[in-house]
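> Let me give you the structure first, and then I'll get to my questions.
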Amino acid sequence: NPAVKKNIILRCQVVAALRAAMTEHGFLEITTPILTSSSPEGARDYLVPARNHPGKFYALPQAPQQFKQLLMTSGFDRYFQIAPCFRDEDARADRSPGEFYQLDMEMAFATQDDVFAVIEKVFPPIFTKYGKYSTASTAPFRRISYNEAMEKYGSDKPDLRIDLTVEDITEEVTGCGFGPFEGAVVKAVVVHDFTQTRKQIDKLCADAEVASGGNKAFWFRLDGNGELVGGISKFLGEKKEALVAKLGLKPNSFVAVSAGKKSAAQKTAGVLRKLLGASVPGHMDQERYEFCWIVDFPMYEIGEESGQLEFCHNPFSMPQGGMQALEEKDPLEIYAYQYDLVCNGVELSSGAVRNHDPEIMIKAFELVRLGEEDVKKKFPAMYNAFCYGAPPHAGIAPGVDRMVMLLAGEDSIREIIPFPMNKNAQDIMMGAPSEVTQKQLDELHIAVTAHEEE
């Protein structure tokens, strides 16, 4: 298959270019262990039974997080590796099940800006040289706060090639009599000079409902005579002037609308923005790579299932404001020095300035009901190292597979992996996962207690 072969060659070239660029910027390539201990990284671990230690297990690393932070305490100021990572999670178009590779890097005595500067030097030349499109953002990449991204684009991974934005019309439609708007946050996406048919509009709303997890989308138009027509327009007659002023409506403007709890309304509006940008001509400059940084993520959130305070993302991130913020601010108002690198609507990476101070770390975990003993038990090596004094450090780990997928112009990550698993995390060619002999199980002190026939 020439197309697949071309993608595999591209992957080889990109990995070589990344290695050369990182070395040129003074980073040392250091490999970290594959057989390690289980730690709470967010996904399920792949466990490996230890033959010489009955009842105990190694875990394959979800990321080299603790190892690279330990390297920063050991006098290695700039580390990187093309790191294999293992997570027992379901497949998606941009995520391979089981294993993936990332450009893992960490810098000592570094700030958020220092990490950004390295990525902004390394990525644009590689994307313009090897990418399907010859234009890529140049330094500095645009920086967007998490809250602004959710409000303006309905997503924390916005595709900035699309020129449409999300507007809040909650105030303008309050009391209009349309049931789903009562007590809800209401968002709108406007497209001027709209010419699509009713059939296309219905498909847009149906697709948005599926992509947003069941949240319905609504719509109305301002026709050539300046009247509100179609969709939910009959509820908005008295709100016309306010909506025209708020949204800058012109004759033949189309308005896609979402409603619900704030997060649901934002997400659905983001889906509508993306669908409209891709389907309505003139609103998406597709043939380019548009990078941005999403910054200022919330440190904490209220968990949907637990109803209690939880870490929003990486618990090892440094809170903005340090100890003072943890002691004096409402936890839900604390932001973290955490950032995502986004390209064309694809999250390439998360990164953070690390929490290197044991006292601040303990306080940060106390807010989510974990004490000093819990931290020592879960992260003993890192906690002990930090107690001897650790330099400020920060890092990031862009996904190599996703990067090559974007460069090749593929919609599925499977197309750039030499031996991809299927969506059920099976390698049909090699027959993995497979049964093993009773002798192997006995050596590992493992008993298979249940077996389902496929």
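The values are calculated or read from the model by the stated rules, or taken from the named source; none is laboratory data. Everything numeric here is computed off the predicted structure, so don't read it as measured data. Note that we place each Cβ from the backbone using ideal geometry, even for glycine, and neighbour counts take in every protein chain shown. What goes into the accessible areas is simple: the full protein's heavy atoms, side chains included, and nothing from ligands, DNA or RNA. Shrake-Rupley method; radii C 1.70, N 1.55, O 1.52, S 1.80 Å.
> Filter the trypsin sites (Lys or Arg not before Pro) in the range 1-64 down to the DSSP loop ones having no more than 15 other Cβ atoms within 10 Å, then list what survives. Don't jump to the answer; show the numbers that get you there.
Values: sites: 5, 6, 11, 19, 44, 51, 56; in loops: 51, 56.
Filter output for the range 1-64: 51, 56.
> For the chain, list the DSSP H helices whose alpha carbon atoms reach 15 Å or more along the long axis and whose average Kyte-Doolittle value is 1.6 or above?
On the way: long enough: 2-24 (33 Å, 0.57); 112-130 (27 Å, 0.25); 198-211 (20 Å, -0.42); 262-279 (26 Å, 0.00).
Qualifying helices, which must be both long enough and hydrophobic enough, do not occur.
> I've got another one for you. If you keep only loop residues by DSSP, which trypsin sites (Lys or Arg not before Pro) in the range 400-439 have at most 13 other Cβ atoms within 10 Å of their Cβ? If you can, show how the numbers build up before the last one.
Numbers: sites: 402, 414, 423, 439; in loops: 423.
In loop regions of the range 400-439 (DSSP not H, G, I, E or B), the sparsely surrounded trypsin sites (Lys or Arg not before Pro) are 423.
> Next up: Would you mind computing, in nm to one decimal, how far apart the modelled labels at residue 56 and residue 138 are, each placed 7 Å from Cα along Cα→Cβ?
In this crude spin-label approximation the distance works out to 5.6 nm.
> Another question, then. Percentage of Cα-Cα pair distances in the range 412-454 greater than 14 Å, rounded to whole percent?
When all Cα pairs of the range 412-454 are counted, 63 percent exceed 14 Å.
> A further question follows. What's the carbon and sulfur percent of the chain's accessible surface, probe 1.4 angstrom, rounded to a whole number?
On the way: 11490 of 22920 Å².
With neighbouring chains kept in place, the figure for the chain is 50 percent.
> Here is a further query. Please work out which option in (i) 4, 17, 25, 24, 18, 9, 2, 0, 0; (ii) 4, 19, 29, 26, 16, 5, 0, 0; (iii) 4, 17, 24, 23, 15, 9, 6, 2, 1, 0 gives P(r) over Cα pairs in 10 Å bins from 0, in percent calculated from these coordinates, and answer with its label.
Comparing each candidate, only (i) matches the computed number.
> A follow-up question, please. Once the piece of chain linking residue 332 and residue 388 is laid out straight, how much longer is it, given 0.36 nm per residue of separation minus the C-alpha distance between them? Before the final figure, lay out each step's value.
Numbers: separation 56, 0.36 × 56 = 20.16 nm, distance 3.10 nm.
Contour length minus Cα-Cα distance gives 17.1 nm.
> Sticking with this one: Taking the Cα of residue 19, stepping 7 Å toward and past its beta carbon, and measuring to each backbone N in the range 397-415: which are under 16 Å?
400-401
> Just the number please: accessible area per residue for the chain, 1.4 Å probe, all protein chains included, in Å². Can you show the working numbers first?
On the way: 22920 Å² over 454 residues.
Heavy-atom accessible area per residue stands at 50 Å².
> Go through the range 302-401 and name the chymotrypsin sites (Phe, Trp or Tyr not before Pro) that are in a DSSP coil and have 10 or fewer other Cβ atoms within 10 Å of their Cβ.
Working: sites: 311, 316, 335, 337, 339, 365, 383, 386, 388; in loops: 316, 337, 388.
Passing both the DSSP loop test and the Cβ count: 388.
> Let me ask something else. The range 174-232 to the range 236-286: how many Å between their Cα centroids?
Taking the Cα centre of the range 236-286 as reference, the centre of the range 174-232 is 7 Å away.
> So, one more: Need one number: nm distance between label points at residue 206 and residue 374, each 7 Å from Cα along Cα→Cβ, rounded to one decimal.
With each label placed 7 Å out from Cα toward Cβ, I get 4.7 nm.
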